[in-house]
Amino acid sequence: MLYRLARPLLFSLEPETAHNVTLRLAGLASLFPARIPKSPVRVMGLDFANPVGLAAGLDKHAEHVDALAALGFGFLELGGVTPRPQPGNPRPRLFRLPQARAIINRYGLNSVGVDAFAGNLRRARARTILGANIGKNKDTPNERAAEDYLRCMEALYPHVHYLAINVSSPNTKGLRELQSAEMLSGLLTALKRARERLRDRYGRNVALVLKVSPDLDDAAAGEIAEVVLRQRLDGLIATNTTVSRKGLAGLPHADEEGGVSGAPLTRPSTEILRKFSLLLKSEIALIGVGGIMSGADARAKFDAGASLVQLYSGLVFRGPRLIAECVQANEARKSRPH
């Protein structure tokens, strides 16, 4: 109700300004506790209060953990974060396309840096499953990318339950090259070795999850699946934003550079999710994200093989009520006769 009242004002603001105002207002959520149906699920060895989480990109710096947790999410993915602070791309870099219920962003992994990010996590009090989306700095060559991911892992390991390895953002030049079989295998090998050492140091396991692009062809998806199975990763997130402009022709801002999220991503993201479900043979947990604008969209992700789902753009257009709607849709799905 509150979001419905605030949305016209927020949509009158420049999108990135509205984004920042919304996060500051999220603190009001603790005054109105979310009524989310109980729907516990165990995935990747972790116990989630419900299977509907926040996608990376909303709280980039882990500055609003407690407020966002109060909305009723089953888990929060924060970031993306890079080892060193970087400003990202110049503004404007966020665009709304309301006619298509879409968003284009080209943030370029703007980050406060992993040390400040970890400090924000230390101050958070929320008792919920936390993930951190980690990436490399823009000026780090791909040949040395593993060093950046390892630096993030080292700093964040004590503070999170899982790490999402971001090799699929379209807004950092060359980043998607890390999805190639050879580079991905080398990166994941280095991360898994480091995790063994950190697991011994801290006496706890942190799950490793790979986030992939929706723009993969069959051959690329097959190669990634082979690497993920060989490395025995804990999970895979499908998907990041798309560079496709299908369905956006002629709309204001449609030609802006960046990744598209929202309704145009619903179908392609779900198709990639279903493809990985078949390729991974239910051996790796799947997290579905991309274009969840309704409970029916979330249900489609679960039907395609997801154990968990994540929201971002849907929240912009629908508000926090979407969280309960998605939880309810999954509960209804589970109770239907087989």
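The numbers here are math on the coordinates, done by the rules we state, and not lab data. Please read all numbers here as calculations on a predicted model, not as lab measurements. Note that each Cβ is placed from the backbone with ideal geometry, even for glycine, and that neighbours are counted across all protein chains shown.
Label separation (residue 245 vs residue 257): 1.3 nm, computed from points 7 Å beyond Cα along the C-beta direction.
Couplings for the stretch 245-253, taken from phi via the Karplus curve 6.51 cos²θ - 1.76 cosθ + 1.60 with θ = phi - 60°, read 10, 4, x, 10, 4, x, 7, x, 6 Hz in order; Gly and Pro are left as x. For the chain, the mean residue ellipticity at 222 nm estimated from helices alone is -12000 deg cm²/dmol, where every DSSP H run of n ≥ 4 contributes -39500 (n - 2.57) and the total is divided by all residues, rounded to the nearest 500. Taking 27 Å as the limit for the C-alpha separation, the pairs 211/301; 38/246; 136/334; 211/246 exceed it in the case of 38/246; 136/334.
Note that the chain shows a convex hull volume over its alpha carbon atoms of 127 Å³ per residue.
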